[in-house]
Structure formats: C-alpha cells, structure tokens
Amino acid sequence: MTPADLSAVIRASVAAAVDAGDLLGEAPTEVVVERPKNPEHGDYSTNVALRLAKPAGKPAREVAEAIAARLRTADGIAKVDVAGPGFLNITLAADALGALAVSVVAARDDYGVGTVLAGQNLNLEFVSANPTGPVHIGAVRWAAVGDALARILQAAGAQVTREYYFNDAGSQIERFARTLREVANGRPVPEDGYAGAYIDEIAHAVVAANPDVLSLPEDEQTEVFRRDGVDRMFAEIKESLAGFGVHFDVYFNERDLHANHKLDAAIKRLRDQGNIYEDDGAIWLRTTRYGDDRDRVLVRSNGEWTYFAADCAYYLDKRDRGFDRVVIMLGADHHGYINRLRAMATSFGDDPDQTLEILIGQLVSLVRDGEPLRMSKRAGTVIVLADLVDAIGADAARYALVRYSSDQSIDIDLDAWARQTNDNPVYYVQYAHARTRNVARNAESFGIGLDDFHPELLDNAADAALLTALGEFPRVVAAAAELRAPHRLAHYLENLAGVYHRWYDTDECRVTPRGDDPVTDGNRARAWLNEATSVVLANGLRLLGVSAPERM
RNA sequence: GCGCCCGUAGCUCAACGGAUAGAGCACUUGACUACGGAUCAAGAGGUUGCAGGUUCGAGUCCUGCCGGGCGCACCA
C-alpha cells in the first residue's frame, strides 16, 4: 500500500463518518499522509482530524476517534491510534506495507514520476552567461540547480524547455571584440576591456583561422573578432556545460530579436496597450502603473535600445512560442528586476502570477585558506566551471550546489572541496547506491532472484522504516517540483541512504544468509526491498544529475 | 532611505502551520572470524537574533526592532 493508497482509504473513512452523521461539514478532497519522525507514531500519520475539527464543531480527538473507528476495519491496516491533539497514527499490516517493494521495482525508472504539473508548458531559462568569458562561479549554481529543477519538473509531468539566452548584441560584446583585436595586434588590453588567459587563446585562434585579419582596417578587424571570437567563446561555454552534464534545448540569440524586428513589434504591442510614452527624447514604458518604483526606458534619447527593451521582446517571443509559463533564474544581484519584469508582463496584458516566474538564487562566494576569494573578470582572477569540475568532479560539484536552498547564500571552501573526503554527503548517498548493487550481486551468487515474494515476511522495524521511506519518494519529487526546490530531494536521499545503511546493519534483515545458513523466504523478500531501494536512489540521483555508481 | 534574501547545535545546513526542532562534520565511547567499515550504535551539544500578535498548535504567518548579504541607471 502506497501513501497515496492509504490517503484514499482515509478519505473513504472520513466520508463514511460524514454520511453517518458523526461529522459535520464536507469530506476533504485531499488527505495528507506523512511519515512520522518518531517510529512510535506508526508507519504513517495524518492530521486530517485536526483540520476537520473546526468545521465539524467538535474536539479534534473526538473527530479522530470517529475516523479511527472506521479506519480500523479497512484492509491492510493493523493499528490506528489517536495521539496528541488528534493525530491519527497508523500502522499497516506487514504484507500491505511490504507490497510497496513490488510496485517500486515494477515501476523502475518511472517510480517517482507523477502528474501534479501535467499540462504545464514551461520555459526554463538559466545560466545565460554573457559570451565574453568562461562560465563563472555565480552562473555555475544555476547550471546545477536549473538542470536538476528541469529534470524534477519533467518528472512531475510538466513539459519543460531548457533555454539559454545568449547576449550577443550589447556593448559588452563590442568591448570583448575590441579587446581581442588589441591583444591580437600586440597592444595592451583596453581600459574597459577583458583580461585573462582565455583572451590570448581566443585572439590567437581567431588570427589562425583568419590569417589576413590583421591587415584589414580596424573596424573590419573588430567585426571579425566579434563574430569569430564570440563563436569560439560560446563553443567553450557549451563544452564546459556539457562537461557538467548540462544541455539546453534552445540557445536563443539576442541578435535574432534585433534582426527579426522583435523589439519594434514588442513596443508596438505595448503602445497598443497604452503603456508607452516619450519624454526627454526617450521612449518609456510606464511600469509604475503596475507596481514598479520607476518607469523604464526602452529607447534611449540617442536612439539606442536598452537591454530592458530586448527583455520585453524576449518575453513576448517566449509567450508567442506557446509557453504558458516563463521561468527565469537570476542571481540575487538581479532581484531588483523582479518588479519591472512583472510590470512588463502586465503591460502586455498578462497576469504575471500565471505567466512569469522569477527565481532568485543567493550568491555563491569562494573561500580559500579561510579568506574570501576576490574575483574580477577584469583582472582575470576568475574561478570557472571547468576548473571546478577538474578539481572535484562533476558529481560532487553538482551535488554540493544543489543540496542547499537557493534562498541561502553559500560559501564554497575550495580546500574542503578539493579534499574530496566523505564530509561531502554525495559520497554517502552514492555509497548507499553502490551498496545496494553489491548486495544484489551477492544475492545473485546465492541464487536469490526476484521471483518469490512474501511481503508479510518484511516484519522487522527496519523493514518498515525503509519501506515507508521509499513510499515517500513520489511526494518528495512532487514537492520539489512545486516549490522549485531541488535541495529537498537531496536531503530526502541523504535520509533514505541513512535508513538503508541502518537496515543493512540489522542482522534480521540480511539478503544473503550468514555462514552456512540456508536461503530463506525472508532473504528473498529482502532482496526485493534491496532492489526497490536501489531503484529509488538511482532515480533520485538521476533527477539531480548525479551518477549512481555500481561500485565505488 | 526603499526593496529582496538570510539569522536554528561549536561549524555547514534541514524542517507542506503539526507531536519531544532534525541531519552531516567536528568531539567522546563502542562494533571489523564483514552482505566491501566511504558503514553502524551510543553520548554530548538548542530560550530557533529580540519583543509583541494571530490559533487547537509558530522556527515557519503578521507587526516592530537588532545584525549580516545583495540591489536600487537613458550600464549590460
């Protein structure tokens, strides 16, 4: 019996109590079943009676008793206690609980896949680092979190497009191009230019591919360095992301917005909505009408588009491509954009609560030798994605970035990460998976296959703890998706790994017999439970983009 | 000044408004004739920054303070 099954059974008991006149009000459409922290509180518990007490006009414990009386007669339920202010603590019959292992193994890769977000077509934009340098550490957080979130949203039933916005049209790109040109000509990096070893590499690569470039007039040189340099920079960015296991469905070029006159079209749309005005020779969007603290310029008095104008056109383009929800992941230094972007969506006639979602991740800072590391793109002192992967591996880096709430700013201690010791919880979880595989290999050598299954033999407290933990997985995935919180999944996996390790160390729960003992049905039942655990750990790690090793 | 995020064990962090606030690391003490110990068991560690409020119930929601981080352009 899964928690969802149990929830349905409880709903039926509540409905029966209502029909019998024991309760006033209506039966709730949803009954939350949770896994109690304290094992004395049964396999599962629910607070449904506490929630019904007020509409029923009765003390919660009385409501709980009315529900419990009916629940006790249901199939698969061994014990129901009313506890505390009115919790229902439920213990399942061993066979009903144990049957979960079969459902997990049968569902295999699909265990945890659900439908809470079914029908939603989401565009998830993340990273979007400018192609003027390698992916720096701030964007790395979103690479890990964004990719994991995309996987989780898909598991929850949403249709997800991963998108990278490629700012290839701004003045930063011009500075990048001029820097390459100056360096290639053997001159110093301009005052407002970029520094770093990668600049020399790219400048030389552009010259090697375009041998005549340095004999062209300066402005034509700049054009070559802009076009070819950005291409090479972007190829490098894609390569480092691929090394991190992150791939995008769409790389969207800002230049295409300009080339296809999308900005003009967006302004026309906004003007039709009556939200545009001119002042001081500039064209403004009246975002203050929709909650921004000041209006925003779209076209400067010198005739140039602002970055915000491109944002408007880009948003409109996403909506026109059919996405009903536009999700953008930004760093904390961009939180001031939320109001103007929401106001922009409203200006188009959208309800930003429905169509636009901006996720803010607090900043990542680096620490070395106990001292914060100051980074400057100018000075070329940057830690980039590829460095991180080289130092500690993609699995550890991804896991370490994804296990913290995005609301939490994090310090990354490079020394600790480089040490690669087991104080990084990723090893704890991965080892649990490797252990399930090892146990499975041992079982095979004993001729214990996944055939004969006697769920009622999973009668140890450690069996029940492991089964209820496995049962929780689909709800954790759904919650992580709805709350946009992949770290919840990481913490769940750490907890599951701990429950599994304890189960493994329980003498009564062995999969293979000790010494010369014969293989029993109990051993065979535990082989199923071991396999189910293996499935959940693998599925969970996969959703985080972390590998689930067969051996370590 | 205004806005967003944070403040929980020595450290790093969890906790759909639920029960005695939990993990890991570090520390102390145990378990290797082992399902590979990257593990497990036990111990110790807390006035959830402060003060009010809301309710059956608050780390969580509301108000006000205190402290830290990050933002407040016709820059991108």
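Counting only lysines at least 8 places from A:K262 when in the same chain, those with an alpha carbon closer than 18 Å to its own are A:K318.
Remark: chain A carries 45 Å² of accessible area per residue (probe radius 1.4 Å; ligands, DNA and RNA excluded). By a 1.4 Å probe calculation restricted to protein chains, A:E472 has an accessible surface near 40 Å², given to the nearest 10. Computed per residue of chain A from DSSP H runs no shorter than four, each worth -39500 (n - 2.57), the mean residue ellipticity at 222 nm is -16500 deg cm²/dmol. Phi angles of the range A:325-341 translate, via the Karplus equation with coefficients 6.51, -1.76, 1.60 and θ = phi - 60°, into HN-Hα couplings of 9, 9, 10, 10, 9, 10, x, 4, 6, 10, 5, x, 7, 4, 4, 6, 5 Hz per residue; Gly and Pro are given as x. DSSP assigns beta bridges within chain A; of those with both partners inside it, close to 50 percent run antiparallel.
Using the beta-carbon distance between A:D521 and A:R289 and R0 = 60 Å, what value does 1/(1 + (r/R0)^6) give for FRET efficiency, to the nearest 0.05? Present the calculation step by step, with values, prior to reporting the outcome.
Numbers: r = 72 Å, r/R0 = 1.19.
FRET efficiency, A:D521 to A:R289: 0.25.
Between the beta carbons of A:E174 and A:L214, assuming R0 = 22 Å, the FRET efficiency works out to 0.70 to the nearest 0.05. Along the range A:273-288 the Karplus relation, 6.51 cos²θ - 1.76 cosθ + 1.60 evaluated at θ = phi - 60°, assigns HN-Hα couplings of 7, x, 10, 10, 8, 10, 7, 6, x, 10, 9, 10, 9, 7, 6, 4 Hz to successive residues, with x for each Gly and Pro. When A:R321, A:R289, A:R175, A:R551 are compared by accessible surface with a 1.4 Å probe, the order from highest to lowest is A:R551, A:R289, A:R321, A:R175. Carbon-plus-sulfur accessible fraction, chain A (probe radius 1.4 Å, protein heavy atoms only): 47%. Taking label points 7 Å from Cα along the Cα-to-Cβ direction, A:A107 and A:V32 give a separation of 2.0 nm.
Between A:M552 and A:K79, the contour length at 0.36 nm per residue exceeds the alpha carbon distance by 166.1 nm. From most to least packed by mean Cβ count within 10 Å, the peptides A:178-185, A:334-341, A:210-217 give A:178-185, A:334-341, A:210-217.
Taking the C-alpha atoms only, the angle from helix A:3-19 to the longest principal axis of chain A is near 60 degrees.
What angle do you read, to the nearest 10 degrees and between 0 and 90, between the alpha-carbon axis of helix A:461-482 and the longest principal axis of chain A? Around 30 degrees separate the two axes. Put A:H454, A:H204, A:H501 in order of accessible area, highest first, and with a 1.4 Å probe you get A:H204, A:H454, A:H501.
Report note on the peptides A:126-137, A:260-271: ranked by the mean count of other C-beta atoms within 10 Å, highest first, their order is A:126-137, A:260-271.
From a point 7 Å beyond the Cα of A:A205 in the direction of its Cβ, which residues of the range A:175-190 have a backbone N at a distance under 18 Å? The answer is A:176-185.
Can you grab the distance from the C-alpha centre of the range A:515-535 to the C-alpha centre of the range A:123-155, Å, no decimals? Between the Cα centre of the range A:515-535 and that of the range A:123-155, the gap is 41 Å.
Given a Förster radius of 30 Å and the C-beta distance between A:D320 and A:A4 as r, what FRET efficiency does 1/(1 + (r/R0)^6) yield to the nearest 0.05? Computed FRET efficiency for A:D320 and A:A4: 0.20.
Less than 5 angstrom separates the built amide H of A:Q120 from those of A:Q159, all sequence-distant by 5 or more or on a different chain. Under 5 Å from the amide H of A:V367 lie the amide H atoms of A:L373, A:I412, A:D413, A:L414, each residue being 5 or more positions distant or on a separate chain, with H modelled from the backbone and absent for Pro and chain starts. Summarising the amide proton neighbourhood of A:L356: residues at separation of 5 or more, or on other chains, whose placed amide H is nearer than 5 Å comprise A:V326. Distance between the modelled labels on A:D249 and A:D353, one decimal in nanometres: 2.7 nm (7 Å Cα→Cβ projection). As I understand it, the value is the acute angle between the Cα axis of helix A:171-184 and the longest principal axis of the Cα atoms of chain A; what does it come to in degrees, rounded to 10? The answer is roughly 70 degrees.
For the range A:253-263, 3J(HN,Hα) computed residue by residue from phi via the Karplus equation (6.51, -1.76, 1.60; θ = phi - 60°) reads 8, 4, 4, 5, 4, 5, 4, 9, 6, 6, 5 Hz, glycine and proline entered as x. In summary, the lysines within cross-link reach of A:K37, defined as a Cα separation below 21 angstrom excluding same-chain residues under 8 places away, comprise A:K79. Mean separation of Cα pairs under 8 Å and 6 or more residues apart, divided by the residue count, gives chain A a relative contact order of 17 percent. Label-to-label distance for A:V367 and A:R271 is 5.5 nm, based on points extended 7 Å past Cα in the beta-carbon direction.
Between A:R227 and A:A118, full extension at 0.36 nm per residue minus the direct alpha carbon distance yields a gain of 35.1 nm. Between A:E456 and A:R300, full extension at 0.36 nm per residue minus the direct alpha carbon distance yields a gain of 48.7 nm. Note on the range A:284-317 and the range A:408-465: Cα centroid distance 52 Å, given to the nearest whole angstrom. Checking every one of the trypsin sites (Lys or Arg not before Pro) in the range A:438-516 against DSSP loop status and a limit of 10 other Cβ atoms within 10 Å picks out A:R514.
The values are calculated or read from the model by the stated rules, or taken from the named source; none is laboratory data. As the structure is a prediction and not an experimental result, all values here were calculated from the model. Glycine also receives a Cβ, built like all others from the backbone with ideal geometry; neighbour counts cover every protein chain displayed. These accessible areas exclude ligands, DNA and RNA; they are computed on the full protein's heavy atoms, side chains included. Shrake-Rupley method; radii C 1.70, N 1.55, O 1.52, S 1.80 Å.
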